[in-house]
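Report on the following structure.
Throughout, read-outs are computed from the coordinates displayed, never taken from laboratory work. Bear in mind that the values here come from a model prediction, so they are computed numbers and not experimental data. Glycine gets a Cβ as well: all are built from the backbone with ideal geometry, and neighbour counts include every protein chain shown.
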Amino acid sequence: MRKKRKSGDGGFNIWRSYSDVMAGVLLLFILIMSLTLFQAQKSYDESIQERDEKLALQAEYTADLLAKQNTIEEQEGTIKTKDEKLTALAQTLAEQEAKLKEQQALLNQQQTDLDEKTTQLSEQQTKIDNIIGVKAEVVEALQKEFQKNNINVNLDSQTGALTLDASVLFDVDESELTDAGKEALRNVLPIYCKVLMEDTYKNYLAEIIIDGYTDTDGDYAYNLELSQQRSLAVAQYLLDIQGEFLTEDQSLNLQDYLTVNGHSMANPILDADGNVDKEASRRVEVKFRLKDDEMIEELSKIMAGSEESAADTATEAGADAAAN
């Protein structure tokens, strides 16, 4: 037969069971809280580590960005310097191009001037050729006339100057023509003057010149007077006989053309050794000058100067072009 439990013991058991349950629940709660705290701490630690890694990565990225920024700034500075250089170079090229255009304009003007001068020189050269041609014709006509009359004379083939030996014309220290001198002059002067006074050449004739020269002995003033008197004697004899071979009109013209000079001991004749040939130096020269002889000399100077000027201009222009 069972014994009946006491009502007091039953209440205690229930409370103890409840306490055990509550203790178990509390323990379970503590375990869950501990696990949760552990997981939270782990997550926090992982978050901190991840944050540190991100911060380190960000710092590295920032450093890389700064390095790249510095590189870009340096490149921008280089580009800016290059741009400045390019700008300066472009400005220099523009200035050089302007100078080149100026030089080209100058060259064009110089070429125009040169063309004009070339045309002018060509015209002047034609004139000179014509004048020289006339002089050559006169000299040739004189040579032919003397040859035709079988007279041997000392006639310069370039200038047409006729040289007469003073020792044949005059005695020593005398200015009066000898008979032999008059005969010599009668043989050569008519031929010489007739050719010059021909209508073909008369319009070109400016002067018929008689020059007297002595040797280098004695006083200059004395020789000057002697040379003048001798040339004057030849001229006077020519005027005395002109009517024998010239017409009246030609005789009047001859007086207008005739010029007499004395040169004393100037321009002596030298021998092959360079010494003064006194006998040859004592002479009388009969020569002629055409109206344009001076123009020939002047034009020759102008042409020489123009050619030098053209050469200098071309050289300077070439140098400027090469420099630019």
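Compare the peptides 158-166, 172-180 by average per-residue count of other Cβ atoms within 10 angstrom and give them in order, highest first.
By packing density, highest mean first, the sequence is 158-166, 172-180.
Between Rg and the Kirkwood Rh of the range 68-161, both from Cα atoms, what is the Rg to Rh ratio?
A ratio of 1.74.
Highest mean first, how do 200-211, 109-120 rank when packing is the count of other Cβ atoms within 10 Å averaged over residues?
Going by the mean number of other Cβ atoms within 10 Å, highest first, we get 200-211, 109-120.
Which order do peptides 98-106, 20-28, 186-194 fall in by mean Cβ count within 10 Å, highest first?
Answer by packing, highest mean first, reads 186-194, 98-106, 20-28.
What size of dipole, in debye to the nearest 20, comes out for the range 4-110 about its Cα centre when the only charges are +1 on Lys and Arg C-beta atoms and -1 on Asp and Glu C-beta atoms?
About 1100 debye.
Return, for the Cα atoms of the range 187-284, the radius of gyration and Dmax in Å, separated by a comma.
Gyration radius and largest Cα-Cα distance of the range 187-284: 15.7, 48 Å.
Could you tell me which of the pairs Lys144/Lys287; Lys194/Lys278; Lys194/Lys287 are separated by over 25 angstrom between their Cα atoms in the structure shown?
Cα-Cα > 25 Å for Lys194/Lys278; rest within.
Using θ = phi - 60° and the Karplus relation 6.51 cos²θ - 1.76 cosθ + 1.60, list the HN-Hα couplings for the range 215-224 in order, rounded to whole Hz, with x at every Gly or Pro.
7, 8, 7, x, 7, 4, 5, 5, 5, 5
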